[in-house]
Structures are given as C-alpha cells and as structure tokens.
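To keep things clear, I will list the structure first and then write my remarks on it.
The values are calculated or read from the model by the stated rules, or taken from the named source; none is laboratory data. As the structure is a computational prediction, the values presented were derived from the model and not from experiment. No Cβ is skipped: glycine too gets one built from the backbone with ideal geometry, and neighbour counts run over all protein chains shown.
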Amino acid sequence: MNIRRLTIRVLATGLLATAGWQILSWTQPSWAFPIVESLTPNVVWRVKTDRPLVALSFDDGPDAEHTPQVLDILAAHHAKATFFLIGERAARHPALVRRIRDSGHEVGNHYFVNGATLGHTDRDFVGYLERTEWVAGISTPPKLFRPPGGVAWPRQLRLARDRGYTNVVGFAYPHDPAHPPVWYIEWLVEKNLQAGAIVILHDGIPDPTRTIQALPHILVAGQQKGLRFVSVGTLLDSSATLPSLPSRSNGTGHPQ
C-alpha cells in the first residue's frame with residue numbers, strides 16, 4: 001500500500017469515527033449508556049431505582065431573566081429540579097439563589113467560572129469549587145458537582161469526591177447550548193424519560209428560549225408516563241447504591 005492510499009484510508013477512518021460519535025451523541029440510544037457508564041465509574045449518569053422518579057437539572061445559572069421563567073413553569077407543573085449554579089453568577093444574584101431554594105429546589109456546584117477546568121491547577125480547582133460552595137450555600141449533603149461542559153480531569157473529579165461531592169452528568173442531554181429546534185429538544189428528552197434518568201437542560205446560556213419553550217412538553221410527557229420530576233439528590237436517595245470511587249478513573253463529559 002502506497003502512502004497516498006494509506007493517508008486516504010486513515011482520513012476516511014477518522015471521518016467515519018467522528019460521524020459515528022456525532023450520531024451517538026445527538027441520538028443518545030439507551031443501549032450506549034451501559035458502555036459509557038462502565039468507562040466512567042466515577043460519575044453518575046443515571047440512578048437505579050424502582051420508583052417512578054426522574055431528576056431534572058438546569059446548568060449555568062442563575063440568570064435574572066430566564067431562571068424565574070423556569071421556576072414559574074416548574075411550579076405550574078409541581079416539578080422539582082436541581083440548579084447547577086456558576087459561582088460568580090450566584091454571587092451576583094443572591095436573591096435568585098434564595099428563590100430557588102425557597103421554591104423547594106436543590107442547588108448544585110457548577111464551578112465558579114463559566115469555562116473549562118482542564119487548564120487549572122489542583123489548587124485553583126479546589127479554590128473555585130469552594131468559592132462556589134460558599135456563595136451558593138452548599139453546606140449539607142448531598143453535595144453535587146457537575147463540571148462546566150461536563151468535562152474534568154480524573155484527578156479533579158477525585159478532588160471533588162474527596163470534599164464530599166458526588167459527580168453528576170446525565171442521561172438525557174439535548175445539546176440546548178447549540179440551539180437545536182424545539183422539536184429536537186422535546187424528542188431527545190422524551191424518548192429517554194424513564195425511571196432513574198437525569199435530564200440536563202440550561203437556563204444560563206445566552207438564549208435558552210427554545211429550552212424554555214420545550215420544558216412544558218417535557219414535563220407533561222413525563223407525567224403521562226407516570227413519572228415524577230425531582231431533584232438529583234432526591235433521585236439518589238431513592239437508590240441504596242451509589243457509585244464508589246475507583247483507584248483509577250476516567251474523566252467524562254457532554255459537549256457544550
């Protein structure tokens with residue numbers, strides 16, 4: 001085989017692998033999750049439970065305009081959720097953080113800045129984690145951490161676990177920061193609504209209008225399946241088994 005043919009074959013293989021990953025990422029078939037879970041045992045993707053519960057979560061807030069809209073919709077449907085807050089935004093909107101809590105929702109740690117953790121030292125990582133913990137008032141279990149973009153180094157996830165955090169990703173993520181159509185957000189989440197699922201949505205991205213438009217449909221679809229929307233902490237409490245921290249582990253993430 002000459003170099004030209006070899007180069008073409010390598011490029012074709014790479015393109016096929018990339019296309020395959022994109023298809024899996026945007027369709028999220030249920031059969032793929034056991035594989036992902038086996039490769040990333042240091043995070044929670046979903047929870048094994050015999051109760052009809054689904055955890056709803058919102059990332060990147062609080063946002064003064066859009067978070068109240070989400071809270072109003074949740075209240076209208078008697079649903080609860082976990083809000084993974086960015087620390088510097090929580091510091092700017094303490095009244096909104098209080099409203100989230102006073103409405104019966106849960107607050108999780110989504111780091112202090114809206115950016116990847118990968119370039120940060122261990123000291124910086126712990127510092128940002130703890131600053132968010134302080135401004136968001138995260139003091140009692142369950143303490144939940146979702147890395148920004150869903151990606152962190154294995155050692156960073158271990159540092160979070162050492163400080164009492166459960167690292168949480170999710171089972172249904174409709175890529176709403178990429179602003180897909182409303183129908184896609186509804187379809188992707190609805191097809192993955194099953195007991196133990198964790199749904200990832202965003203209230204703090206620049207324009208979550210489509211997410212907010214899709215939210216009532218998602219809530220009704222879950223209720224029609226006999227499911228109740230709860231916080232991640234409540235879902236974890238419904239299961240007696242939590243993932244243990246392995247001696248060596250892999251990072252994980254959802255695209256953003």
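Would you be able to tell me the number of residues in segment 153-176 that are farther than 17 Å from Val232 by Cβ and not acidic (Asp, Glu)? Residues flagged as farther than 17 Å from Val232 by Cβ and not acidic (Asp, Glu) within segment 153-176 amount to 9. From Gly108, Gly104, grab the single residue that is under 18 Å from Leu235 (Cα atoms), small (Gly, Ala, Ser) and crowded, with 23+ Cβ neighbours inside 10 Å. Going through Gly108, Gly104 in turn, the sole match is Gly108. Is it true that Thr67 is at pLDDT 95 or above and among the polar types (S, T, N, Q)? Yes. The residue that is nearest to Ser57 (Cα to Cα), counting only those in segment 219-236 that are among the polar types (S, T, N, Q), in a helix (DSSP H, G or I) and touching a residue at least 24 places away in the same chain (Cβ under 8 Å), is Thr234.
Among the residues making up segment 95-117, those that are of a type in the set (A, V, I, L, M, F, W, C) and modelled with pLDDT of 95 or more are Ala95, Leu96, Val97, Ile100, Val107, Phe112, Val113. Being of a type in the set (Lys, Arg), surrounded by 13 or more Cβ atoms within 10 Å (Cβ to Cβ) and in contact with an Asp or Glu (Cβ under 9 Å, 6 or more places away or on another chain) is true of Arg46. Would you mind stating whether His66 is more than 16 Å from Phe145 (Cα to Cα) and touching a Leu at 6+ places or on another chain (Cβ under 6 Å)? Against the criterion (more than 16 Å from Phe145 (Cα to Cα) and touching a Leu at 6+ places or on another chain (Cβ under 6 Å)), His66 does not qualify. Out of curiosity, is Phe125 hydrophobic (A, V, I, L, M, F, W, C) and touching a Gly at 6+ places or on another chain (Cβ under 8 Å)? When the stated conditions are applied, Phe125 does not pass them. Counted as qualifying within segment 102-199 are the strands (runs of 3 or more DSSP E) with 3 or more residues that are in contact (Cβ under 8 Å) with a residue 40 or more places away in the chain and within 16 Å of the chain's Cα centre (by Cα), namely 106-109, 165-167.
For every residue, the table says whether it meets (1) at pLDDT 95 or above; (2) of a type in the set (Asp, Glu).
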residue: Arg163; (1), (2): yes, no
residue: Glu186; (1), (2): yes, yes
residue: Gly251; (1), (2): no, no
residue: His254; (1), (2): no, no
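For segment 115-135, the count of residues that are touching a helix residue (DSSP H, G or I) at 6+ places or on another chain (Cβ under 8 Å), among the polar types (S, T, N, Q), crowded, with 16+ Cβ neighbours inside 10 Å and farther than 26 Å from Asn192 by Cβ is nonzero.
Among residues of segment 22-43 being surrounded by 19 or more Cβ atoms within 10 Å (Cβ to Cβ) and farther than 23 Å from Ala221 by Cβ, the one that is modelled with the lowest pLDDT is Thr40.
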